[in-house]
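Comments concern the structure below.
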Amino acid sequence: MEQRHLGRTGLRVSRIGLGTLTWGRDTDEHDAADVLKTFWEAGGTLVDTADVYGDGDAEYLLGRLLEGLVPRRDLIISTKAGSVPDPDRRYDGSRGHLLAALDASLARLGTDHVDLWQVHAFDPDTPLEETLQALDIAVASGRARYAGVSNFCGWQLAKAATWQLAAPGARTRLAATQMEYSLLQRGVEREVLPAALDLGIGLLPSSPLGRGVLTGKYRGDALPPDSRGASDHFGLFVEPYLDDTASRIVDAVSTAADGLAVTPLQVALAWVRDRPGVAAPIVGARNAQQLTAALSVEALSLPDEICRALDDVSAPVHRYPDHDWSTL
């Protein structure tokens, strides 16, 4: 698998990443082992997790598999901290919470460091400089090799990255930002992606298949019983992408797939993988069969005319101030 630099850093990652959101819940140890081995054998390196995935079980399961299945040195392990199961405070970006969460993650993973550590979301109740200091401490102490953020909007990302760049050598440069990005969700193109490109931050798209909808499995009001859309804990997550707008985009993806003699999954994943600024889409496969289907995109590059057609059918409406005000 092709390797790419993560932002303006020396860290190289596989251009498809493996997500573990369902590990420890929908994906058991047997399936997780098959998935990880398949990913590794295909040349994949970037494995993404978080301290809240499966209430910590995803990290624990990954750590167990690192003991004997796949060499730790062959993987780029990324985890996140900052989300908390508190209805009154969804995010905790305090230095104390973040560093304690990192130590707990390392214990579950059974390793002395992670390759990439990200703040899971912006915490409006904690000074940003305090949150960012936790990243500096983590890297300086060797517990993390690189640092990033996740789910920061444009101004939040730009402020955080600029703060870090203001003291080169003393503060840790942001290497990555992880955001949802797909043909069904192009909101990052408004401000986040331009900021990331300008500041040398690599984008790691989550849900690159539109929460599974872009595979075409939900066409014609279908709701497969084994799909995330039919599950109790992911049904509401998928539902926003089952509207008429999404249906038109899925139809266009399917038409393109038919013309290229490939699958809708391959078309959708290749589109987001090769967007400017993207380092590696994170693919969450429940089993090795699903992962193999996703990894088959390695040999596919979409023709320019297909990309333009998909761009047009999925184009988000961005007016003022993104367009020249004099034309509005």
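A short reminder: the numbers here are calculations on the coordinates, not readings from a lab. Computed from a predicted model, the values in this text were never measured in an experiment. Positions of Cβ are backbone-derived with ideal geometry, glycine not excepted, and every protein chain shown enters the neighbour counts.
Report the FRET efficiency, 1/(1 + (r/R0)^6), for Ala107 and Trp155, where r is their Cβ-Cβ distance and R0 is 51 Å, rounded to 0.05. Could you put the intermediate results ahead of the total?
On the way: r = 35 Å, r/R0 = 0.69.
It comes out at approximately 0.90.
Nearest-5 percent of antiparallel DSSP beta bridges in the range 1-98?
Working: 4 of 10 bridges.
Expressed as a percentage, antiparallel bridges in the range 1-98 total about 40.
Give a residue-ordered list of calculated ³J(HN,Hα) values for the range 12-22 (Karplus: 6.51 cos²θ - 1.76 cosθ + 1.60, θ = phi - 60°; whole Hz; x for Gly, Pro).
10, 10, 5, 7, 10, x, 9, x, 10, 4, 8
Restricting to the chain, compute how many DSSP beta bridges are antiparallel as a %, nearest 5.
15 percent
With runs of 4+ DSSP H residues as the only contributors, calculate the mean residue ellipticity of the chain at 222 nm using -39,500 (n - 2.57) per run, divided by the residue total and rounded to the nearest 500.
On the way: 11 runs with 121 residues, N = 328.
Calculated from helices alone, the mean residue ellipticity at 222 nm is -11000 deg cm²/dmol.
Under the 0.36 nm per residue contour assumption, what length would be gained going from the current alpha-carbon distance of Ser296 and Ala140 to full extension? It would help to have the intermediate numbers written out before the result.
On the way: separation 156, 0.36 × 156 = 56.16 nm, distance 3.85 nm.
That works out to 52.3 nm of additional length.
From the C-alpha gyration tensor of the range 150-189, pull out the three semi-axes of the equivalent ellipsoid (sqrt of 5λ each), sorted largest to smallest, in whole Å.
Its equivalent ellipsoid spans semi-axes of 25, 9, 6 Å.
What distance in nm separates the simple spin-label points at Asp244 and Asp304, each placed 7 Å from Cα in the Cβ direction?
Spacing of the two 7 Å Cα→Cβ label points: 3.5 nm.
Could you let me know the centre-to-centre spacing of the range 256-327 and the range 29-50, using Cα atoms, in angstrom?
Each part's Cα centre sits 22 Å from the other's.
What's the center-to-center distance, using Cα atoms, between the range 75-138 and the range 147-191 in Å?
15 Å
Can you give the Kirkwood hydrodynamic radius of the range 253-315 from its Cα pairs, in Å with one decimal?
Values: mean 1/r = 0.0817 Å⁻¹.
It works out to 12.2 Å.
Using the Kirkwood radius over C-alpha pairs as Rh, can you work out the diffusion coefficient of the chain via Stokes-Einstein at 4 °C, viscosity 1.567 mPa s, in µm² per second?
Working: Rh = 20.2 Å.
For the chosen part, D equals 64 µm²/s.
Compute the FRET efficiency between Asp125 and Glu67 as 1/(1 + (r/R0)^6), taking r as their Cβ-Cβ distance and R0 = 41 Å, and round to the nearest 0.05.
Numbers: r = 38 Å, r/R0 = 0.93.
Once the sixth-power term is evaluated, E becomes 0.60.
Which lysines have a Cα lying under 28 Å from the Cα of Lys159, excluding residues fewer than 8 positions away in the same chain?
Lys80
Which of Gln266, Gln289, Gln178 moves most in a GNM of the chain, Cα contacts under 10 Å?
Highest fluctuation among the options: Gln289.
If the chain between Asp55 and Arg25 were fully stretched, how many nm would it gain, using 0.36 nm times the residue separation less the Cα-Cα distance?
Numbers: separation 30, 0.36 × 30 = 10.80 nm, distance 0.93 nm.
Roughly 9.9 nm would be gained on extension.
Can you give the FRET efficiency to the nearest 0.05 for Ala100 and Thr255, using r as the Cβ-Cβ distance and R₀ = 41 Å? All intermediate terms of the calculation are to be shown ahead of the outcome.
On the way: r = 50 Å, r/R0 = 1.23.
Calculated value: 0.25.
Which order do peptides 251-262, 267-278, 105-116 fall in by mean Cβ count within 10 Å, highest first? Write out the running numbers ahead of the final one.
On the way: 251-262: 16.8, 267-278: 21.7, 105-116: 19.0.
By packing density, highest mean first, the sequence is 267-278, 105-116, 251-262.
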